[in-house]
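Before any comments, here is the structure.
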Amino acid sequence: MKHSTLLHLLLIVLLIGSSTACKKGEDDPFLSLRSRKARVEGTWIIDNWSEYRQWNENGFTMTERRDIADDKINYSLEMPFDSRQFEGPVDVASWFITKDGSWDRAFEYREVQADTFSGGTNKRVLVTTQLTRISELGTWAFLGKGNGYKNKERLTMSVTNRKVTTTNISERFAVSATGVLSSLDRQEGSNEEQWKYTEGEKVEIWTLTGLKHKELKGERETNAIGQTPGGGEIPLNDLIISFKLKQN
């Protein structure tokens, strides 16, 4: 009986020790039998992404917000004498992380606008679509204990390649008396910009606030070098990003 009791006490101590070692972020599970690397790797869908950037450009403060949720994007850019806002569908929002230390991330969303023009019995509709695709890839690694963080609570994402492709489509339609649309003409043009970095030249540091089976939460908050809406680099006054990833 005493031997059995001692075994039970030993098992409880081991479980408590394991849970303390496994739990890093505030939303981590109490106990997980899978390693942190095994829980990080995989093909992730970006379930929620909230991004706030602020920087100075030519003496003026610029503020950009990007929120992705429920397969939609809400975007705003506030400038001293102008602003831009839109809401559109998100076609791609994925993040692929491998055990061997590589990763790639992709966003693709659309901004669609329709304008109607009438002249006598003629009715025309102009539909303009801007398709934006942002793709990045690089390497990643866990960070050790330090600066108030636990071992493997944070990870580095070194960006080695970034590409922004913008496609603009403009199509005119004639509208019949019964409301049927007939295409009159269509124009399409694309612009692509690409940046390449050496290993360690552009590094993101992410704090993992929750790392569960098929769910990953993280955040990034820093004063750093970032991208303007056009993709160029500029010192940021503020950068705050939080996200939640899910696996099917």
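State, to one decimal in nm, how far the label point of Ile45 lies from the label point of Asn248, with both points 7 Å from Cα in the Cβ direction.
0.7
Consider a paramagnetic label point 7 Å from the Cα of Val125 along Cα→Cβ; state which residues of segment 156-192 have an amide N under 14 Å from it.
Residues 171-185 qualify, since their backbone N sits under 14 Å from the label point.
Hey, with R₀ at 30 Å, roughly what FRET efficiency would Ala141 and Lys212 work out to, going by the Cβ-Cβ distance, to 0.05? Before the final figure, lay out each step's value.
Details: r = 21 Å, r/R0 = 0.70.
For Ala141 and Lys212, the calculated efficiency is 0.90.
Can you put Ser183, Ser158 in order, fewest other beta carbons within 10 Å first?
Exposure proxy ranking, most exposed first: Ser183, Ser158.
Pull out the extension gain between Asp104 and Glu193, defined as 0.36 nm times the separation in residues minus the alpha carbon to alpha carbon distance; nm, one decimal.
Here the segment from Asp104 to Glu193 would lengthen by 30.3 nm.
From the cross-link list Lys37/Lys196; Lys72/Lys212; Lys72/Lys217; Lys150/Lys212, which pairs have alpha carbons spaced over 22 Å apart? Walk me through the numbers on the way to the answer.
Working: Lys37/Lys196 27 Å; Lys72/Lys212 25 Å; Lys72/Lys217 19 Å; Lys150/Lys212 17 Å.
Distance filter (> 22 Å) returns Lys37/Lys196; Lys72/Lys212.
Throughout, read-outs are computed from the coordinates displayed, never taken from laboratory work. Since the structure is predicted, the reported quantities are computational estimates derived from the model, not experimental observations. Glycine also receives a Cβ, built like all others from the backbone with ideal geometry; neighbour counts cover every protein chain displayed.
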